[in-house]
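Scroll down for the structure; my scribbles are underneath it.
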Amino acid sequence: MFGNLFRKEEEIKETPNQWIKCPKCTSLMYYKEVEAKQHVCPKCNHHFRISARQRIDSIVDKDSFVEMDKTLAPVDPLKFTDKKAYKKRLEEAKSKTGKTSSVVSGSSTIGGRPVEIVVFDFSFMGGSLGSVEGEKIVRGITRAIEKKCGFVIVSASGGARMQESTYSLLQMSKTSAALNRLHQKGLPFISILTDPTMGGVSASFAMLGDIIMAEPGALIGFAGQRVIKQTVGVDLPEGFQRSEFLLEHGLIDMIVDRGNLHQTLSHLFELFENQEEEIEDEILEESKNEPMIEDEPTDVIEDDADETIDVEEEVDVSSLEENTGLEKETESLKV
Ligand SMILES: [Zn+2]
């Protein structure tokens, strides 16, 4: 009798490896069956959370991904400790995921076109955004500008990393500024929001995509629902902060099933490429019709550069004492 009981316990322990329960429709399914469908419930289309590596494999062309900045690892400038020391949390996250940060970034192709991609892994400290994550995003953008190719971020994050405080918040402006450089070069940025995309991530780069797409049913927002409910003092509408709600209210452009992500991205980058060629043709055509205007010669002589700087320094000092700065500055421009 006792033997049977023990056997039953062993069976229960083995269950999570072979069987998986859908949190949405509560169906019990064979794990391999869900895995074969890219971790989407075959009964109700619930999209399970997946690792960065699984995500990359499902999006980019086969064997095209080359990881970059793999060794970048966070430091602990604030010596931060909450229930646990930040250093300890980092060690645990590393032994759990084998990674040193919550994003994986690198170069790849999608539909045969080069694309720089950054993917969040929620299993590393809730996919939180810290200094390393911000730096990896900016480096990805810089590579995209150098290669003149598209850029993709797949977000899965609870937001900015509390343990890095202001250093973490700084990444919001740092990444946004870098995306502006990409935008000025006319290169496309596609932001993919997956479950969950919250806090500082949704309040910065995740919502700056030229095209913003989301997976079905993903939780997307800034503050949590409980906080909002307490602040506004009313019940929140059905489906609040889910992809479908955001699409209905115009915050995102499209909802794409995981199985169609690769095809959709491939199609969009093809469209962007064609559009770019059309614009180049138009510019070429216009320049043929316009008469050439030669630049007017300027009086600026490079050798005078040092002298000009000296005058400006004088202006800075004198303008603190008396209000003659503007006149002197005008003089320096004449030089
Ligand atoms: Zn289901």
Practice task
Grab the Cα-Cα distance for E270 and L208, subtract it from 0.36 nm times how many residues apart they are, and report the gain in nm with one decimal.
Solution key: 20.3 nm
Problem - Chain lengthening between K185 and R113 when straightened (0.36 nm per residue, less Cα-Cα) - result: 24.2 nm
Problem - Exposure proxy ranking, count of Cβ atoms within 10 Å, fewest first, for V138, V115 - result: V138, V115
Practice task
Go through the range 234-243 residue by residue and turn each phi into a ³J(HN,Hα) via Karplus (6.51, -1.76, 1.60, θ = phi - 60°); whole Hz please, and just put x for glycine and proline.
Solution key: 10, 5, 7, x, 4, x, 3, 6, 9, 3
Problem - 3J(HN,Hα) from dihedral phi, the range 133-142, Karplus parametrisation 6.51/-1.76/1.60, rounded to Hz, x for glycine, proline - result: 4, x, 5, 5, 5, 4, 5, x, 5, 4
Completion exercise
Rounded to 0.05, the calculated FRET efficiency for the beta carbons of S287 and K147 at R₀ = 35 Å is 0.85
Handout entry: the range 111-252: antiparallel DSSP beta bridges as a percent of all, rounded to 5
Key = 5 percent
Exercise for the section: Quote the convex hull volume per residue of the range 49-279, based on C-alpha atoms, as a whole number of Å³. Expected result: 128 Å³
Fill in the blank from the handout: Taking Lys and Arg as +1 and Asp and Glu as -1, residues besides L236 with C-beta under 15 Å from its C-beta add up to -1
Completion exercise
If L271, L129, L246, L284 are placed from fewest to most neighbouring beta carbons inside 10 Å, the sequence is L284, L271, L246, L129
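Just so you know, all these numbers are worked out from the coordinates, no wet-lab data involved. Worth saying up front: this structure is predicted, and the values here are computed from it rather than measured. No Cβ is skipped: glycine too gets one built from the backbone with ideal geometry, and neighbour counts run over all protein chains shown.
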